[in-house]
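Engineer: One structure is given below, represented as structure tokens, and several questions about it will come after.
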Amino acid sequence: MTNKARAHWGSKLGFVLAAAGSAIGLGNIWRFPFVTQQNGGGIFVLIYILFVAIIGFPVMLGELTIGRHTQKNPVGAYKSLAKGWVWLGYLCVAGGIGILSYYGVVAGWTVGYLVKSMTGDLDPQGFGKFLANAPLQIGYLVLFIGITGAVVAAGVQKGIERMSEVLLPLLFVLMIGLIIRAFTLPNAMEGLKFYLMPDFSKISASTFLAATGQAFFSLSLGMGAMITYGSYLDKKDNLVTSAIAVVSADTLIAILAGLLIFPVIGHGLGKGGPSLVFVTMIEQFSQMQGGQIVAILFFLLLAIAALTSTVSLMEVGVAYLVDEHGLSRPKAVGILMVPLLALGIPAALSLGAVDSLSNIVGGKGFLDIMDFVFGNLGLTIGALFMCIFLVYRWGIWKAAKEVLSGSPGFGKYVWVWKLLLGYVVPAFIVSLLVYNLYQTFAG
Ligand code: PHE
């Protein structure tokens, strides 16, 4: 291990923007609206907000605390706190690589569609053809991972923080501008009603489970991204207010994304999944006045949101290689490209370009399987063991002592944190896992 002075964020705002950038991504703008659509609209939004507060927030605080305390990447962090738990750190690094490999494919589509909207080549029927085009799929993946690598290689302050300080405010402005345009569309009222009026009859077990899964994915929890970003924090920083700021920003953007998407598509129009953004939205853009400009801004918004997330996914592996193996950042990025492309290229080809990859089991292709294994199972298992580790191995009071440095008022709430991390969150995660496995094998 090397002992060079460790990188730190330049300011607390810089950290909040970077961590919010990690959290705010395709999960908010693309996944949240269609998960809401599939789970009863407004009622799902309410349950989601509740779950973010009782599940997302305590886990976020837990990860930031482990990172800030150890000042290390997830492998180094678990190794230094309890040798027998180092495997959990490796799981985090593997999770980052696994998620980035296929997330980068979808992120690449946003750039592909940005280019299409600029050249006036948007066609709702063109999505299938685009997915089946192997050179384009690989090209945009490599481009996106390459840009991500360039930002990460430039460093914590000069790369990640600087990028977030520019892109996050821009993302917010784009979002507000697009919402204003969306509200003036003919479908707006119908869409908003579906989105915001809770229909209590739509609640079922799967609503709660979908909310838990969405919260982890959207908040970037369960794979050490927040351990890593927390490791660049200072002892005097307030972890509680930092976690509140990141969680609130992420939730705000998810809710705003619904205010953008639903007025455009109206009530439940079109299919969910990838086609919500790449087909249904495009159908609408093609019919609206100024649709081309709206499309350009919309795909720019998506690409920006995706980039600040892919950067955090890559940073987990880079921090590991830098801390534990003493590599330079550019070298670490270069090494990570190997597994990223080895997994990313099959994912890119698995939506029509190569038949054998597109239908592996039960109609699911390589990308779907990667999402299930890493985005779904991996994050939930990662978060479950993080909670167990923090409460039952490291000890809630040792963790609380770390939080108290910078947030002296936290002492009164330690019991709530313990209750949530030690009982409530594990109980929810175990139900989520059991339900998911049941669905996969029985459904
Ligand atoms: N939170 C990101 C999103 O919503 C995805 C992500 C998951 C990023 C896990 C990092 C870690 O798109």
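Engineer: Percent of Cα-Cα pairs more than 20 Å apart in the range 1-153, please.
Structural biologist: 66
Engineer: When the distances between all Cα atoms of the range 1-50 are binned every 5 Å from zero, what whole-number percent does each bin get?
Structural biologist: 4, 16, 15, 14, 13, 12, 8, 7, 6, 4, 1
Engineer: Further question: Per-residue counts of other Cβ atoms within 10 Å, averaged by peptide: what ranking do you get for 408-421, 315-328, highest first?
Structural biologist: 315-328, 408-421
Engineer: Normalised by the empirical 2.2 N^0.38 Å for globular proteins, what value does the Cα Rg of the chain take?
Structural biologist: The chain yields a ratio of 0.93.
Engineer: Something else: Which value, to two decimals, describes the C-alpha radius of gyration of the range 77-176 once divided by 2.2 N^0.38 Å?
Structural biologist: Compactness ratio reported: 1.42.
Engineer: Pop out the ³J(HN,Hα) list for the range 398-404 in order, Karplus 6.51 cos²θ - 1.76 cosθ + 1.60 with θ = phi - 60°, rounded to Hz; leave Gly and Pro as x.
Structural biologist: Per residue, the Karplus-derived 3J(HN,Hα) values read 5, 5, 4, 4, 5, 5, 4 Hz.
Engineer: If you wrap a convex hull around the C-alpha atoms of the range 381-424 and split its volume per residue, what is the figure in Å³?
Structural biologist: 63
Engineer: When N counts the residues of the range 328-443, how does its alpha-carbon radius of gyration compare numerically with 2.2 N^0.38 Å, as a ratio?
Structural biologist: My calculation over the Cα atoms of the range 328-443 gives 1.50.
Engineer: Pairs K193/K418; K72/K398; K79/K331; K79/K235; K12/K398; K193/K364: which exceed 28 Å Cα-Cα?
Structural biologist: Table pairs above 28 Å Cα-Cα are K193/K418; K193/K364.
Engineer: Once you compute Rg and the Kirkwood Rh from C-alpha atoms, what is the Rg to Rh ratio for the range 155-308?
Structural biologist: Dividing the radius of gyration by the Kirkwood radius yields 1.01.
Engineer: So if I restrict to the alpha-carbon atoms in the range 92-138, what is the Rg, and what is Dmax, the biggest pairwise distance, in Å?
Structural biologist: Considering the range 92-138 through its Cα atoms, Rg and Dmax are 12.9, 41 Å.
Engineer: Over the Cα atoms of the range 353-393, how large are the radius of gyration and the largest Cα-Cα distance (Dmax), in Å?
Structural biologist: 15.1, 47
Engineer: Can you tell me the order of 11-19, 399-407 when each peptide is scored by its average per-residue count of other Cβ atoms within 10 angstrom, highest first?
Structural biologist: Ranked from most to least packed, the peptides come out as 11-19, 399-407.
Engineer: Using label points projected 7 Å from each Cα along Cα→Cβ, tell me how many nm separate Q439 and S80, to one decimal.
Structural biologist: Result: 3.8 nm between the two label points.
Engineer: Can I ask one more? Under the Karplus relation 6.51 cos²θ - 1.76 cosθ + 1.60, θ = phi - 60°, what is the ordered set of whole-Hz ³J(HN,Hα) values for the range 183-200, x standing for Gly and Pro?
Structural biologist: 5, 8, 8, x, 7, 3, 4, 4, x, 5, 4, 4, 5, 9, 8, x, 10, 5
Engineer: Roughly speaking, what % of Cα-Cα pairs in the range 168-244 are separated by over 20 Å, rounded to a whole number?
Structural biologist: 63
Engineer: Ok, one more. Choose one answer from F57, F385, F44: the residue with the largest mean-square fluctuation in a GNM of the chain with alpha-carbon springs under 10 Å.
Structural biologist: Looking only at F57, F385, F44, the largest GNM fluctuation is found for F385.
Engineer: Let me know the whole percent of all Cα-Cα pairs from the range 226-366 that are separated by more than 20 Å.
Structural biologist: Looking at the range 226-366, the distances longer than 20 Å represent 67 percent of pairs.
Engineer: Over the chain, what is the relative contact order in whole percent, taking alpha-carbon pairs under 8 Å and six or more residues apart?
Structural biologist: Worked out over the chain, it gives 34 percent.
Engineer: What ranking of R181, R6, R31 emerges when the number of other C-beta atoms within 10 Å of each C-beta is taken as an exposure proxy, fewest first?
Structural biologist: In order of increasing Cβ crowding within 10 Å: R6, R181, R31.
Engineer: Once you charge only the Cβ atoms, +1 for Lys and Arg and -1 for Asp and Glu, what is the size of the charge dipole of the range 104-260 about its Cα centre, to the nearest 20 debye?
Structural biologist: Rounded to the nearest 20 debye, it is 60 debye.
Engineer: Sticking to Cα atoms, compute the Rg of the range 294-389 to one decimal and its Dmax as the biggest Cα-Cα distance, whole number, in Å.
Structural biologist: 16.6, 47
Engineer: If you place +1 on the Cβ of every Lys and Arg, -1 on the Cβ of every Asp and Glu, and leave all else neutral, what size is the dipole of the chain about its Cα centre, to the nearest 20 Debye?
Structural biologist: Roughly 1140 debye for the chain.
Engineer: Now for a separate question. What do you get for Rg/Rh over the range 157-206 if you use C-alpha atoms and the Kirkwood form of Rh?
Structural biologist: Using Cα coordinates only, the ratio equals 1.25.
Engineer: Looking only at the range 95-136, which residues have a backbone nitrogen under 17 Å from a spot 7 Å from the Cα of D355 in the C-beta direction?
Structural biologist: It comes to 132-134, nothing else.
Engineer: Over the Cα atoms of the range 300-354, compute the convex hull volume and normalise it per residue, giving Å³.
Structural biologist: Taking the convex hull of the Cα positions in the range 300-354, it is 90 Å³ per residue.
Engineer: Say the dipole of the chain comes from +1 at the beta carbon of Lys and Arg and -1 at that of Asp and Glu; which of T148, S204, P408 then lies farthest toward its positive end?
Structural biologist: P408
Engineer: Divide the volume of the convex hull of the Cα atoms of the range 196-282 by its number of residues and quote the answer in cubic angstrom per residue.
Structural biologist: 144
Bear in mind that the values in this text are calculations on the coordinates, not laboratory data. Everything numeric in this text was worked out from a predicted model, so none of it was measured. Because the Cβ atoms are built from the backbone with ideal geometry, glycine has one as well, and the counts that use them run over all protein chains shown.
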